[in-house]
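Notes for the one structure printed next.
The values are calculated or read from the model by the stated rules, or taken from the named source; none is laboratory data. This structure is a prediction, so every number in the text was calculated from the model and none was measured. Here Cβ is always computed from backbone atoms with ideal geometry, including for glycine, and neighbour counts include all displayed protein chains.
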Amino acid sequence: MNRRKLYLWLHGGGWTVAVLMLFGLRLVFSSQLRVTFLEIANWTLYALSGIFLTNQLRIRTRHWLDLSIASAWYRYLGSTLLVGLVLGIQVTLVGPGWRILAGARFPFEFFFGTIINTTFVVFMWTALYIAIVNISRLAEAQTRALQLELAAKEARLKNLQAQVNPHFLFNGLNTVRALIAEDPAKATEAVTWLASILRYGLRSDDAPTVTIAEELEMVTQYLALEKLRFEKRLTTSIDVDDAVLTARIPPLIRQTITENAIKHGIANLPNGGAVNIEIRRASQRIEMSVRNTGALSSHNPESGIGLKNTRERLHLLYGSDAVLQLTESNNEVIAQIILPESRQ
Amino acid sequence: MKALLIDDERLARLELRRLLSEHKNIEIAGEAANASEARALIDALDPDLLFLDIQMPGETGFELLASLDRAPQVIFTTAFDQFALKAFEVSALDYLVKPVVPTRLAAALAKLPAPQEKFRKALDQVFVRDGDKCWFVRLTEIALLESEGNYTRLHFGKERPLILRSLAHLEDRLDPDHFFRASRKHIINLRWIDSVETGINGALIARLKGGFEVELSRRQSLKFKETMAL
């Protein structure tokens, strides 16, 4: 059942039950047992007004839910009393109030009784409403936290597959083995890079973010290794605004995008190309872009998964404040991520 | 044995060269960094063996092979490529994973058939790729070649793959002692003929093992009778 439906059922059902109970009380405690048509009409009108007014109350006071508890309660008590008063006056005037015209005295007991009862009903209504909203908000927050955790885990796992994986790892090892004979000094360096890339991928801490400096170090080493493999076919540049080095981003986001640029860009070009990384700061936002020579392939299931996962993580962390877009222009593919600047 | 190394990474070729230096019977005739370079070298050098990387920029190793008229012996190499590994498994092709283990290389070389005498001018095997599957098909196993526009459908065993060559193109390269152009649409393998009979209009009908029945055109019927001295 969706939430709107649930609300309508609880709202309508609650009022029906409440009115039947009030009417029952009147039958039990009043000496007059005869039920007139007018009386039924009056209580029906009372129920409809109640349904209408409390619904209005919900719509107009929705934003109070975000206030502090104390100030929200003042307002809720006030509005509850107001609705109780209006309904009490209505039911009194439409019902026994008519008899004043016929010379009867004003039905004070009925009047105050109804106001108190009605206020109580509206009060219960409000309390129940707030409780349900808060419980569902809590559940939502929990789901979100779980989703975030899951997505981070998934990214770690994916990265594990991408790093410890297959293509990159074995090609890297093969390159290093060839270098041992050709250029032992370079081979030594390459082993160090490979080790720190693996270590970064296998990190055991669960920190949701890393500094841009940390992530860049990893990206630099990754590119250095790929340059050994592709030799003249790969040129790279990294251009970073020093002011963003201490800002924090989710780990491996930058890395995923860079890897895609190599795997789906450079690796497919017989003459190779360039990968250019740029990180800028603009009005409280961090703009990161990776540009690579090549064209967007219309159908590429693998990069699809990497991108989808990255998008999901950005969405869970920053909601609609973060953007990831992939565009192509002038024989260049540009992956751009824009996210809010944060230092925590 | 004349071998070519085909891999887009120089260091990968260097590494393979180093490993192959142990094997004196393998002569490395050349290296290529992509499919088009490789194709030119294959035409020029006519190697017996290719060490072929699957993932290369431009055309993949599979695409290169499928475009060759005559496929030499091939040992595939790959670092890790799920799709290629799957193709190897389903097709029982020989492959090496990089970095190559020296004993695995020795085993793969030992499995290669001895190079035939140089009379194989005509093609003796082709590499065929059809969707996920790929095969080296010995020509002796092909019973029938059927023209489908620019493509030709091969009939061998239970398989009916299409290859991107015209029937005329293939006819020029097939050994006329074994293959006969039956009609505009068909080339038949003479060794697969079970029986031949004369049809109502005087043309011949060849029955092939495996249940194919191919009607020869009138002109080719005459030629067939002449060559076979029937």
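Below are the figures for this structure:
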{"read-out": "Where a residue in region A:16-28 is of a type in the set (A, V, I, L, M) and its partner, wherever it lies, is at pLDDT below 80, with Cβ under 8 Å and at least six apart", "value": "A:Leu27/A:Leu33; A:Leu27/A:Val35"}
{"read-out": "Checking B:Ile142 against (1) closer than 30 Å to B:Met1 by Cβ; (2) more than 21 Å from the chain's Cα centre (by Cα), the condition it does not meet", "value": "(2)"}
{"read-out": "From A:Gly294, A:Gly273, residue being assigned by TED's automatic domain parsing to the domain that holds A:Tyr200, modelled with pLDDT of 90 or more and of a type outside the set (Lys, Arg)", "value": "A:Gly273"}
{"read-out": "Subset of region A:222-238 (residues that are more than 14 Å from every other protein chain (Cβ to nearest Cβ) and aliphatic (A, V, I, L, M))", "value": "A:Leu223, A:Ala224, A:Ile238"}
{"read-out": "Boolean, B:Ile28 is modelled with pLDDT of 95 or more, in the same structural domain as B:Val101 (by TED's automatic domain parsing) and farther than 17 Å from A:Thr175 by Cβ", "value": "yes"}
{"read-out": "Qualifying residue in region B:68-84 (condition: surrounded by fewer than 20 Cβ atoms within 10 Å (Cβ to Cβ) and of a type in the set (Ser, Thr, Tyr))", "value": "no"}
{"read-out": "Residue in region A:23-38 that is within 15 Å of A:Thr118 (Cβ to Cβ) and in contact with a helix residue (DSSP H, G or I) (Cβ under 7 Å, 6 or more places away or on another chain) present", "value": "yes"}
{"read-out": "Selection status of A:Thr126, at pLDDT 85 or above, in the same structural domain as A:Ile69 (by TED's automatic domain parsing) and either outside any loop (DSSP other than H, G, I, E, B) or farther than 22 Å from A:Ala47 by Cβ (or both)", "value": "yes"}
{"read-out": "Residue list for region A:116-134, restricted to those being exposed (fewer than 15 other Cβ atoms within 10 Å of the Cβ) and in contact with a Phe, Trp or Tyr (Cβ under 9 Å, 6 or more places away or on another chain)", "value": "A:Ala127, A:Ile132"}
{"read-out": "Listing of strands (runs of 3 or more DSSP E) fully contained in region B:9-109 that carry 2 or more residues being within 14 Å of chain A (Cβ to nearest Cβ) and under 18 Å from the mean Cα position of the chain (by Cα)", "value": "B:49-53"}
{"read-out": "First in region A:121-141 and more than 29 Å from A:Gly88 (Cα to Cα), second anywhere and surrounded by 10 or more Cβ atoms within 10 Å (Cβ to Cβ), Cβ under 9 Å, 6 or more apart", "value": "A:Asn134/A:Leu65; A:Ser136/A:Arg3; A:Arg137/A:Leu65"}
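Residues checked against (1) within 14 Å of chain B (Cβ to nearest Cβ); (2) surrounded by fewer than 16 Cβ atoms within 10 Å (Cβ to Cβ); (3) in a helix (DSSP H, G or I):
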{"position": "A:Thr188", "(1), (2), (3)": "no, yes, yes"}
{"position": "A:Ala207", "(1), (2), (3)": "no, yes, no"}
{"position": "A:Thr220", "(1), (2), (3)": "no, yes, yes"}
{"position": "A:Thr256", "(1), (2), (3)": "no, no, yes"}
{"position": "A:Arg291", "(1), (2), (3)": "no, no, no"}
